[in-house]
Structures are given as structure tokens and as C-alpha cells.
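Below is one structure, written out as C-alpha cells; the observations come after it.
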Amino acid sequence: MKTTLKLMTILFAAILMNCGGKEEKKKEGFSYEKKETTTKTEVKKDESLPPSKQIDLSNKGIGPIKSLKLDDKIDQEMVAHGAEVFKKLCTACHRVDKKFIGPSPAGIMERRTPEWVMNMILNPVEMTQKDPLAKALLIEFNGAPMANQNLSEEDSRAILEYFRTLK
Amino acid sequence: MKNILKSFVALLSVLVAFTSCNDTSKKNAGALSGSAAEKVYVNPGEHDEFYAFISGGFSGQLSVYGLPSGRLFKVIPVFSQDAEKAWGYNEETKPMLNTSHGFIPWDDSHHPDISQTNGVIDGRYVFINGNNTPRIAKIDLSVFETTEIIEIPNSAGNHSSAFVTENTEYVVAGTRFSVPVPQKDMPIKDYKGNFKGALTFIAVEPEHGHMDIKFQLIMPGFDYDLSHPGRGKSHGWFFFSTYNTEEASTLMEVNASQNDKDFIAAVNWKKIEEYVNNGGGTMMPANYAHNVYDESTHSATSTMKKEVLTVNPLDVPGAVFLMPTPKSPHGCDVDPSGEYIVGSGKLSANLTVHSFTKMLSAIENKEFAGDAYGIPIINFESSLAGVVEQPGLGPLHTEFDGKGNAYTTFFISSEVVKWKLGTWEVVDRQPCFYSVGHLMIPGGNSQKPFGKYVVAMNKITKDRYLPTGPEVTQSAQLYDISGDKMELLLDFPTVGEPHYAAGCPADLIKPRSKKLFKLEDNNHPYATKTEADAKVVRDGKTVHVYMTTIRSHFAPDNIEGIKVGDKVYFHITNLEQDYDVPHGVSMIGANTSELLIMPGQTETFVWEPKQVGVWPFYCTDFCSALHQEMQGYVRVSPANSNTPLRWSLGEDIE
């Protein structure tokens, strides 16, 4: 039943469009797309560097974290919690002192926005599919996927605070 | 299928093209709504409306299908070892198959039943019986895994099982074969009067579902074939069909069919429960296994229980009665109102329907025809509600649509017959291909059936599918019962013998289905929760490897210092915390199956290396683009060597 209805709707809509009346909307769609392409600019990248070394402090990534302002002062309690969570759930692939399965988080805050970092932790599948930098990183690291460890926003925020202490 | 769809789409496009500028689309749908293919077609990516849990019969397992599509989603291992899922192979689940006869790797699973609350299925658990070495298993539908198995003492051929009362107070297990109780060495010919049939009431703890035998009713030595609970007005009673009331022990196909009528035994379990709660019954020495899987340790334990409370029916007057029912009744099915008990005399030409109300008044007025070993036999006419005359040959089992109709399977005439409760008239019949056994309407064994489909389960398929040598698939058939006439929509092959099934709206189960196990909740004694804790520990000739997995490596992945003659336990924790990312592992030459480890879970396999060398292991479940790189080596040295025990990941062992 459902199938019929859907098929019918699609076909019906298609035919209806031929009967006229839909052209204006088409235009709207086109101009909207145009807008989106123009908004993405101002990324200063040195394309000769591997993605993990590139600096991009404008890209906020894709995910639940839209905007995040960091306090100048580092919250040491949060750092301790973040270090603990990182040790439990991240060290299988990320080591502070070296490149391992994935990149080391040392110095990450000089290369990425806090939003990007948290979105990469919280939403890695979509990030590695859609975010240009995350996609490039996936390739740089031989296709090793960034695992979604189902962290809470609070835990990932604590990890971010911990990363601020890693230079 | 495909062709029908293709031509259907083609036809539709033409129709739409011709009428596209008019508003006639709805008429077209109406004209095509009769298509069976359309009714069972679930769009790619969309979900079925119902779950069907179809037992595997001699496979010993329980298969999970979607309805109406008939698509198979999972085979849940229950009573049989399953190498795919390491069920009964890994150290954690081996205890689940323990019995008083030792480790039994197989059984015959027959009758699944879904737990109920207030007479309505609640989607928490499925209970199912193992026939051969009598056991009842509980499957937890939040994880779709068997989490408890209890052996039934004093039972043999545990067939009139595993049916639940309307608040899941009890799951009931009746013996098919009567045996000496307790077992003893005696001549078989002395069966009559000496063998007993145990009907076991297993209490189910409401919060966690833990099973515990409350009492066993020790009945005369008949064969107890099927059973069903009373519901609504008859809640508190349980009904068991019997055959071999002749108490024969040989050439049963003749000798167990002598009596014109056998019985449906009516058991007032509330009365017996009260008797037992007041200290009644006799504690009898016994020996049976109770196996419980703990989700927090990801491990099962098996405990041998040493006694069971037995009840002699004669000690609880007014608790047990026998209703004569023609010719070896199989099904013993109670309608949604609880008033009618349908006896399917499988060698009878008619269906016999008892009335619960009439039964009660017959008991009150002592309308008895005699007794069997002291248990009153109610006059046949006194409890009789009606007879469905000559509906077919070989009636087996009946379920209900909640709209006043009953559907009975007929094995010999191979059909489903629809008839009306109260008027007993046959209103429709549809053939089955072939030799149908049970049928199932989702919720059909409850106060609230979802009377949209019936699934008939066939014993024989012969020419229905592509041949596969002498052994061909068995099948289930789906009929639409929403209209006046039944309509065959689909038949689909099944795993093992589709003996019986239980069905449930998907929405009851889907939201509760667990996606992963939280690492922090993992209390396995050998869990390794971070790579930093991965290690190898020697204790004499026993070696414990604490290993982890994450996409896509093992930690450690190089191990040295293992020796021929060691017993090496690989305890592997899957560190993933994402949905649908299990890892597998297998070791060359290990006398066991692979492991299949869910996110956050720990499982263990044992390897006893017999040959010197460097032996690889690898991940068996395709986990990422680097799955093929997920591998490691174990160096096995001679028994008397001094190779130090070392392990590593990402560097050479120096």
C-alpha cells in the first residue's frame, strides 16, 4: 500500500510539473545553492602540508557544537576528568606523545577550532563523510575510521579542556 | 516477485501519465490494492510491522523474522551450540548448556511464548522449551539473547511448554512422556499406574524475570501434549491436553489410540499456589541445572539444584479436573475472553470446545463421570460448549483474531480453517503447502490478538521451492486475515522445523532494543577496559591474555613466550562504544569457534597450542577498511624453552 502511494506521489508530482506551475521554485533552489557555495571561503591552508598539519581556525565542523567560547583560564578539574576519559576511551588509537592509529592531540588547539574538535569526537561518522578536513584526515590515516565512542557532550568538553594543556 | 513489481510500476506510470493533470490518483490505488506482493513488500530501509519469533524445532534455536515481509533478521542460539556466535563455545556461555546429564550441546525447541502483563503481550521476554533434555529458556528481548535456562526434573519430552500465565506469574512446563518419579530402575512393562507425569510451574520474578520452580504437580502417567493458560475469567487455571490415557509403553501409534476420549486436564494453579504458600507439598530430592547469564559480567553460571517441591493433586481437593476430549487432543487453546477451551482431537473428525463457565458449574454440581486415579472426570456433555462439525482432517492447533473468529490448522487435510466462536460454523478455508502444524496470530495466545495476519508453519514443502537434494526447506506461510476471507500472501523458508511461533508488534520491542554494552558497566573478571591494561599473565601452564579490540587492531598483537602444552585463555574486550561495531577473533588450530564480541563486551576462548611455531590470529567480522590488517602473531616455543613472556603493540619485541 505504502509503496503504491509513494510511487504514485512521485510519478504524479513529476507529471504535474510538466503541466506547469513549478518553475519559480526551481529557481529558488538554484539561488540557495549558490549562496551556500559563496559562504565557504577564507580558509587559509597550506596545501603542501598533510591535513593533520594544516591549520584551519575557521572551520567549526559538522555536529551538535555550533559555537563555543573558551574561558581564558584553564579549568583544572575539567582537565583531570578529560584526561581520565581520554585514557579510557581514546588511547587505543591516539597517543599524546606520538602519531599512532590516528594523530596525536598535542597542539591540536593551535590547528583547529574547539567546535571542530568536539564535533569530531561527538559526530565522527558524519564528519568523515562531509567535513573536507576530516575527510582528508581519514585518507591521511589510511582509512582508519575515527570511532564514535558515544561520549556525552560533557565528557568531550572535558577532553577538549585536557587538549588545551597539551602543547 | 520482481516481475510483478516491474509490471506494476509500468502499469502505474501509464495510468499516471494518462491522468496526471486530473485528480484521480486515489482511484488507481484502490484498483490495485488487491495485490499480494504489495501487501508484503516493505520498502528497502523501512521496517516491518511485526516481529515473529519462529522456533527452529530440531535446530534447537529461535529465529527472528519480520512480518509481513518474511525477512530473517537473526537466529538466536538457545539450546544448540552456534559457532557463528560462539554460543556454547566460549567460556562465558558454556555453562548455559549445562544439565544434570552434563554439557548437552543440542535440544529440540518447540513453543515460544511472549511474556504478558494484564493478559496482553508486553515484549519483554520470550520463553521456549527444550523437549529432549527438559529445559525452559528465557530470551531477553532487550538484547535478543538467551539469558536463563532452567532444567526440569522429573520430566521427559518437555512438550506442553513453555506457556505463560497472563501476568507472567508462571511459565509452565508439562512432560510429554511419563516416567518413574523419582527415576529408578524398573521394568518398562510396569508403566501403568507407576509412571507419573509432572506438570511444572516455574515462577517468574516480576522485575528481573528470574525463574524458579515453584512446584511440580505429579499427575497420572499420561502423555501431556500441549497446554494453555486461562485468561480473563479463567485466569488462575491452566489447561493441558493429554493422550495415551491408555498408559501404553509400546507400539504407541496403535496402543495410545484405543480410548474414544482422552482428557483436557484443568488445573486451578491459584489454589495450588495457595496450598504451597501455606506449607503444602512434599520436598523431593532432585538434581537439575539452573543457568543464568549475567549481562554485567557477560558470563553465565550454572548452579545444580538439589530438591523440588512436589504436589499430589489428591492433596488439594478442587484443584484438578479432567474434561473428556475426543481422540488424542493436541491443541488446547483458550480464546481471548477465557471462556472457550478448544480441544483439537487430532484423530477426531470434529473440534471439541469446552466452556469454562459450564466447567465451573459442573464442578459445583459434581457432574462427574468417574475418576482417574482419584481425579474427578467431568461429564463430557456438562462442560461441552459446542462442536465444530467435520471442519477438516487432523486438527492440531487454534488461535484467535479477537473478532470472534478462530483459526485451526488441519495437518492431514493441510489447511487453515476459519470458524466462528459460539455458532461453531466454518466460514472459510485456505490450503497450506503442505502438512501444516501450528499457526500463529501475533498476540493470538493472549487477551488481545493483533488479528491482521496468521502465519501457518508447514512440515513439508516438497515442490514449493528449488530442490536442495533430499532435504528441502520447511516453510511458513503468511495469510491476510483482515477481511472476511483469508488471503495467502507469502510463503518463506525457515530455519529448522518451524514448530510454533510467537508474534508481537515491532513497536513493543524496537525502542527497548539495546545498541551496545557500556564499557564502564562491564564487570567481567577478565575485562580489559583500556589498552594500557592489556597484558599477558602466566600461572603455571595456564596463560591469561588480556586483549582489547578497536578498529582495527588487537592489543597486544605480538605475543611471545607461549609454550607447547600451555592452556591459553584469550579474554578479549571490545573497546568500541558505537552501534553495530562487533569484532570477531579466531586463532589457528584452536579447538573452538570464533568469538563475536559486541561493543563493550568481553568474551573468552581457549587455545591449547600443540605445535612450535609462530601462529597468527585475526578479526573475523569485517570491521573497517583496515579489517584485513586486523591480525596478530603468537610465538609458540617448545615446552622446555626459556623464551620470556612478552607482548607488544606497535613495536618489535626485543
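Whenever a residue of the stretch B:621-642 is away from chain A (no Cβ under 13 Å), its partners that are acidic (Asp, Glu) and assigned to a strand (DSSP E or B), lying with C-beta atoms within less than 8 angstrom and at least six residues away or across chains, give the pairs B:634/B:560; B:635/B:560; B:637/B:560. Here residue B:489 meets each of (1) within 14 Å of another protein chain (Cβ to nearest Cβ); (2) closer than 22 Å to residue B:597 by Cβ with one exception, condition (2).
Here residue A:102 clears all of (1) closer than 25 Å to residue B:532 by Cα; (2) within 13 Å of another protein chain (Cβ to nearest Cβ); (3) assigned to a helix (DSSP H, G or I) except the condition numbered (3). The selection criterion, being at pLDDT 95 or above, open to solvent by 10 Å² or more (accessible area, probe 1.4 Å) and of a type in the set (A, V, I, L, M, F, W, C), holds for residue B:179.
Scanning the stretch B:467-489 for residues that are assigned to a strand (DSSP E or B) and open to solvent by 10 Å² or more (accessible area, probe 1.4 Å) turns up B:480, B:487, B:488, B:489.
The criterion of being at pLDDT 95 or above and more than 14 Å from every other protein chain (Cβ to nearest Cβ) holds for residue B:502. Collect the residues in the stretch B:582-606 that are farther than 10 Å from residue B:621 by Cα, part of a loop (DSSP other than H, G, I, E, B) and either open to solvent by less than 30 Å² (accessible area, probe 1.4 Å) or touching a residue at least 40 places away in the same chain (Cβ under 8 Å) (or both), keeping them in residue-number order. Across the stretch B:582-606, the qualifying residues are B:590, B:592, B:593, B:598, B:599, B:600, B:601. Based on what the data block shows, is residue A:58 more than 14 Å from chain B (Cβ to nearest Cβ), more than 18 Å from residue A:146 (Cα to Cα) and either at pLDDT below 50 or part of a loop (DSSP other than H, G, I, E, B) (or both)? It is true that residue A:58 is more than 14 Å from chain B (Cβ to nearest Cβ), more than 18 Å from residue A:146 (Cα to Cα) and either at pLDDT below 50 or part of a loop (DSSP other than H, G, I, E, B) (or both).
Being open to solvent by 50 Å² or more (accessible area, probe 1.4 Å), part of a loop (DSSP other than H, G, I, E, B) and over 21 Å from residue B:577 (Cα atoms) is the filter here, so list the residues in the stretch A:139-167 that pass it. Correct list: A:142, A:165, A:167. All conditions in (1) within 10 Å of another protein chain (Cβ to nearest Cβ); (2) under 11 Å from the mean Cα position of the chain (by Cα); (3) farther than 20 Å from residue B:599 by Cα hold for residue A:118, with the sole exception of (1). Of the residues contained in the stretch B:609-620, none is found to be in a loop (DSSP other than H, G, I, E, B) and among the aromatic types (Phe, Trp, Tyr). The residue of the stretch B:57-90 that is nearest to the other protein chains (Cβ to nearest Cβ), among those that are surrounded by 19 or more Cβ atoms within 10 Å (Cβ to Cβ) and of a type in the set (D, E, K, R), is B:85. There is at least one residue in the stretch B:435-450 that is farther than 18 Å from residue B:119 by Cα and open to solvent by 10 Å² or more (accessible area, probe 1.4 Å). Summed over the stretch B:516-574, the residues that are more than 9 Å from every other protein chain (Cβ to nearest Cβ), farther than 13 Å from residue B:647 by Cα, open to solvent by less than 50 Å² (accessible area, probe 1.4 Å) and outside any strand (DSSP E or B) give a count of 8.
Residue A:88 fulfils the conditions (1) more than 14 Å from chain B (Cβ to nearest Cβ); (2) within 30 Å of residue A:139 (Cβ to Cβ); (3) modelled with pLDDT under 95 except for a single criterion, (1). All conditions but one from (1) within 14 Å of chain B (Cβ to nearest Cβ); (2) without any contact (Cβ under 8 Å) to a residue 40 or more places away in the chain; (3) open to solvent by 40 Å² or more (accessible area, probe 1.4 Å); (4) not basic (Lys, Arg) apply to residue A:72; the one that does not is (1). Restricting attention to the stretch B:272-294, the residues being farther than 26 Å from residue B:102 by Cβ and either open to solvent by 50 Å² or more (accessible area, probe 1.4 Å) or not hydrophobic (A, V, I, L, M, F, W, C) (or both) number 9. Candidates are the residues of the stretch B:607-620 that are crowded, with 17+ Cβ neighbours inside 10 Å and closer than 28 Å to residue B:638 by Cα; the one that is nearest to the other protein chains (Cβ to nearest Cβ) is B:619.
Each residue in the stretch B:104-115 was checked for being within 18 Å of residue B:158 (Cβ to Cβ) and part of a strand (DSSP E or B), and 2 pass.
From the list B:273, B:253, the lone residue that is outside any strand (DSSP E or B), at negative phi and modelled with pLDDT of 95 or more is B:273.
Among the residues of the stretch B:391-416, those that are over 25 Å from the mean Cα position of the chain (by Cα) and open to solvent by 10 Å² or more (accessible area, probe 1.4 Å) comprise B:392, B:393, B:403, B:404, B:405, B:412, B:413. Scanning the stretch B:329-367 for residues that are more than 30 Å from the chain's Cα centre (by Cα) and β-branched (Val, Ile, Thr), we see that the one that is surrounded by the fewest Cβ atoms within 10 Å (Cβ to Cβ) is B:357. Is it the case that residue B:308 is within 22 Å of residue B:165 (Cβ to Cβ), out of contact with any Gly (no Cβ under 7 Å at 6 or more places or on another chain) and part of a strand (DSSP E or B)? Yes. Restricting the stretch B:34-56 to residues that are within 14 Å of chain A (Cβ to nearest Cβ) and outside any loop (DSSP other than H, G, I, E, B), the residue that is nearest to residue B:108 (Cα to Cα) is B:40. If the condition is being surrounded by 21 or more Cβ atoms within 10 Å (Cβ to Cβ), aliphatic (A, V, I, L, M) and within 18 Å of residue A:162 (Cα to Cα), then the stretch A:94-138 contributes A:117, A:118, A:120, A:121, A:122.
The values are calculated or read from the model by the stated rules, or taken from the named source; none is laboratory data. Source: prediction; values computed, not measured. Quick reminder, even Gly has a Cβ in these numbers, built from the backbone with ideal geometry, and neighbours come from all protein chains shown. Surface areas here come from the heavy atoms of the whole protein model, side chains and all, with no ligands, DNA or RNA. Shrake-Rupley method; radii C 1.70, N 1.55, O 1.52, S 1.80 Å.
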